[in-house]
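Taken together, the values in this text are just the output of simple stated rules run on the coordinates, not laboratory data. These numbers come from a predicted model, not from an experiment. Here Cβ is always computed from backbone atoms with ideal geometry, including for glycine, and neighbour counts include all displayed protein chains.
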Amino acid sequence: MRLVRNVLLLLFLLLAGCSREPLYQSQSYVFGTLVDISIYGESDERAQQISGHIQQEFQRLHDNLHAWKPGGELFRLNAAFAAGQSTTISPQVADILKHATKVSQESDGLFNPAIGGLIALWGFQRDEFTPVSPDPKQIAVLIKANPSMTDLEIDGTSIRSRNPAVKLDLGGYAKGYALDVAADYLHEQKVKNALINIGGNIIAIGQHGDHPWHVGIQHPRHAGAMATLDLPDGWAIGTSGDYQRYFELNGKRYCHIIDPRSGFPAEGVQAVTVLIPPQQHAGALSDADSKPLFISGSVHWREAAQKLGVQYAMLIDKNGAIQLTPGMRQKIKLEVDGH
């Protein structure tokens with residue numbers, strides 16, 4: 001029995017630009033993962049101030065959207081749902097839940113932040129987790145209860161759930177949402193060139209000198225990048241993999257991505273990467289859209305991508321074989337053979 005945790009989703013690679021303008025970089029640890037902020041073309045003093053503000057906002061979001069630690073809004077909402085009570089909701093969290101519900105509906109429920117109860121059963125709602133084997137009867141009870149984002153009723157500043165089994169967990173959405181928050185702030189501050197990387201969910205602002213930002217996609221089984229691509233202004237990229245949070249029990253790997261249909265961790269896929277063109281919620285979609293493709297598996301992932309309108313995606317199956325959508329094939333440079 002072995003427990004392994006890998007928080008790095010994507011390895012971003014910065015190309016050396018021809019310009020002599022400064023590149024400021026800072027790192028922190030938020031959302032349970034490494035956060036990198038790169039700002040190009042600003043003085044160190046201004047870049048440090050802007051990066052500091054973004055890091056503080058990330059920490060505030062992390063605390064407020066934490067599903068299992070008291071003090072945040074999400075924890076309070078879950079307590080109210082379990083008690084069958086209505087409660088107040090902030091405009092920001094209301095917007096988050098409305099958009100997450102939209103994505104959930106478009107994915108036929110495969111992206112389902114309402115299954116926090118299942119995630120907790122598998123031990124993935126802990127900072128440090130150990131291999132567990134949940135009681136199948138408990139899983140069956142939650143599956144029968146069928147918690148769904150459509151169970152939520154939001155009316156202005158009030159929210160309730162028609163289903164007390166709803167337990168929100170935004171672990172598959174919050175990092176991407178934070179990218180959008182950071183991008184909006186950078187635009188407000190007139191920063192023309194930056195790259196924000198939250199554990200492999202990345203959004204690009206402008207470019208790096210004379211070149212687009214260049215990023216690499218982490219190999220799911222080995223150190224280093226398995227592919228690289230340019231990330232132009234406004235584009236976002238995100239990966240879901242079985243190598244970030246998982247445990248092994250009796251020789252079998254169990255990853256943190258739960259199939260809401262079965263209540264068990266999804267199998268048969270090592271990683272899915274999606275590339276999102278500039279649009280509203282690009283960062284959030286880079287986080288959320290990869291999950292339904294991962295859960296759909298190597299046979300049906302293209303159907304899931306089509307339903308979500310995802311044109312650029314890559315899947316690595318359990319054997320390491322690489323599958324690409326036509327759009328992604330045009331964008332990516334593979335560093336390994338896809339057999």
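Before moving on, here are some points about what is shown:
- Rg(Cα)/(2.2 N^0.38 Å) for the chain, N = residue count: 0.97
- By the Stokes-Einstein formula, at 0.890 mPa s and 25 °C, the range 144-267 with its Kirkwood radius over alpha-carbon pairs has D equal to 139 µm²/s.
- Stretch gain in nm, segment Arg126-Arg162, where the contour uses 0.36 nm per residue and the Cα spacing is subtracted: 10.3 nm
- Spacing of the two label points (7 Å from each Cα toward its C-beta) at Asn146 and Arg221, in nm: 3.9 nm
- Counting only the Cα atoms, the range 300-339 fills a convex hull of 63 Å³ per residue.
- Across the range 73-161, the mean sequence separation of Cα contacts (distance under 8 Å, 6 or more residues apart), normalised by length, yields a relative contact order of 42 percent.
- Relative contact order for the range 193-232, counting Cα pairs under 8 Å that sit 6 or more residues apart, in percent: 33 percent
- Candidates Gly297, Gly84, Gly200, ranked by Gaussian network fluctuation over the chain, Cα under 10 Å, top entry: Gly84
- Calculated SAXS-style log₁₀ I(q)/I(0) at q = 0.16 Å⁻¹ - the range 78-145, Debye, Cα scatterers: -0.77
- Normalised by the number of residues in the chain, the average gap of Cα pairs under 8 Å and 6 or more apart makes the relative contact order 21 percent.
- When the charge dipole of the chain is built from unit charges on Cβ atoms (+1 for Lys and Arg, -1 for Asp and Glu) and taken about the Cα centre, the candidate among Gln189, Ile276, Gln306 whose Cα reaches farthest toward its positive end is Gln306.
- Stretching His211 away from Leu34 to a fully extended chain increases their span by 61.2 nm, per 0.36 nm per residue minus the current alpha-carbon distance.
- Note on the range 253-323: with charges restricted to the Cβ of Lys and Arg (+1) and Asp and Glu (-1), its dipole about the Cα centre is near 60 debye.
- A straight line joining the Cα centroids of the range 279-323 and the range 104-121 runs 16 Å.
- As a proxy for reagent exposure, ranking Ser90, Ser296, Ser290, Ser240 by other Cβ atoms within 10 Å from fewest up yields Ser90, Ser296, Ser240, Ser290.
- Between Gln306 and Gln92, full extension at 0.36 nm per residue minus the direct alpha carbon distance yields a gain of 74.2 nm.
- Radius of gyration (Cα atoms) of the range 33-179, expressed as a multiple of 2.2 N^0.38 Å: 1.18.
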